[in-house]
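Taking it in order: structure first as structure tokens, then the write-up.
The values are calculated or read from the model by the stated rules, or taken from the named source; none is laboratory data. The structure presented is a predicted model; accordingly, all values stated were derived computationally and were not measured. Here the Cβ positions follow ideal geometry from the backbone for every residue, glycine too, while neighbour counts run over all protein chains shown. Side chains included, ligands, DNA and RNA excluded: accessible areas come from the protein's heavy atoms. Shrake-Rupley method; radii C 1.70, N 1.55, O 1.52, S 1.80 Å.
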Amino acid sequence: MKILVLASGGDAPGMNRFMWEIYRKFKDNVYFAFAGFTGLVNGQIFPLSEVIDSSKKNSAGVVTKASRCPEFKQAKYFNMGLEYAKKFDAVIILGGNGSEKGAKRLFENGVNTIFVPGTIDNDVEDCHYSIGFSTAVKEAVYSVENTMPSIDAFLNACLFEVMGREDDSICKEVAKQVDADYQVVDEKTLDYEKMKNVILKKYIASSSAKIIVRENIANITEIASKLNEMLGMNIVKTQIVGRTQRGGSPTKQELSMATKFAKETIRCIKTKVFGVRVLADENLNIIVTEFK
């Protein structure tokens, strides 16, 4: 049995553990498409043994590399990838909601695909946990906790921009764990008057406000400038957590969930269950559902 695995979209801590578990079970029967759908389209397919070993299983990033491949939506490039995918008995696709659509389309065209959620954004429909989320939250919490002492020393306030594209899961969870004074999860909650009052109330009490902001809502520097103008003081600072959320060492939960996802994926391959999504329910139990 020949198995292909690829990581589409962005990398996520825990992906390497998943890859290792698949390799450990099927050994030389496992191949990878370099940089996800991009490698599939270009026929850049190699033995997984060339990039994975036990020393890399718990590292962040993804050994097979990842990339955005908007061209895969176009018929010409999709058909190029399809021809390569059909050479395998099973194709495992790690990624977010966009990758899921690609996996479904391949299945509808005769490829035995299995989709596994691997995205720090945790934005896969019907899935309560995706590989990478726990570590992304951990790194953001670390950034807040290690920045606030200095912010507080100067009696400033700080806006922390966390990743999340169009999903607010990271923002909400980080805000909860650091006991944030305010969170901006969408355009509706980008309420300058409320933020100004939160910051001013803390300032009067000789304390410092910490506000968590989801990326892609507004320029965080411009938000801070407007707040400073409203306050009449230059006390609002910014911290973009950014890609450190992808690069942190996977948490124990991350490694555990990646292993669980891998074991269920292996079971699907062995029992020839394809055209499915391997997801996590609200209790973090692994479930298997068909593509919608």
Report task. With the condition kept exactly as written, say whether any residue in the range 154-161 is surrounded by fewer than 22 Cβ atoms within 10 Å (Cβ to Cβ) and farther than 22 Å from residue 244 by Cβ. Result -> yes
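Residue by residue through the range 201-258, note down the ones that are in a strand (DSSP E or B) and open to solvent by 20 Å² or more (accessible area, probe 1.4 Å). Full working, then the answer.
Filtering the range 201-258 down to residues in a strand (DSSP E or B) leaves 210-214, 236-240.
Matches in the range 201-258: 210, 214, 237, 238, 239, 240.
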Query raised in the report: Can you name every residue in the range 72-108 that is over 28 Å from residue 129 (Cα atoms), loosely packed, with under 15 Cβ neighbours inside 10 Å and of a type outside the set (Gly, Ala, Ser)?
Result: 74, 76, 79, 83, 86, 87
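Would you check which residues across the range 164-200 are in a loop (DSSP other than H, G, I, E, B) and open to solvent by 90 Å² or more (accessible area, probe 1.4 Å) and list them?
So in the range 164-200, the residues in a loop (DSSP other than H, G, I, E, B) come out as 164-168, 178-181, 185-191.
The answer is 166, 179, 187, 188.
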Report task. Can you give me the number of residues within the range 1-48 that are free of Cβ contacts under 8 Å to residues at least 40 places away in the same chain and either of a type in the set (S, T, N, Q) or touching a helix residue (DSSP H, G or I) at 6+ places or on another chain (Cβ under 7 Å) (or both)? Result -> 9
Requested in this report: Mind telling me which of the residues 134, 59, 55 ends up being open to solvent by 50 Å² or more (accessible area, probe 1.4 Å) and either closer than 25 Å to residue 259 by Cβ or not β-branched (Val, Ile, Thr) (or both)?
Outcome: 55
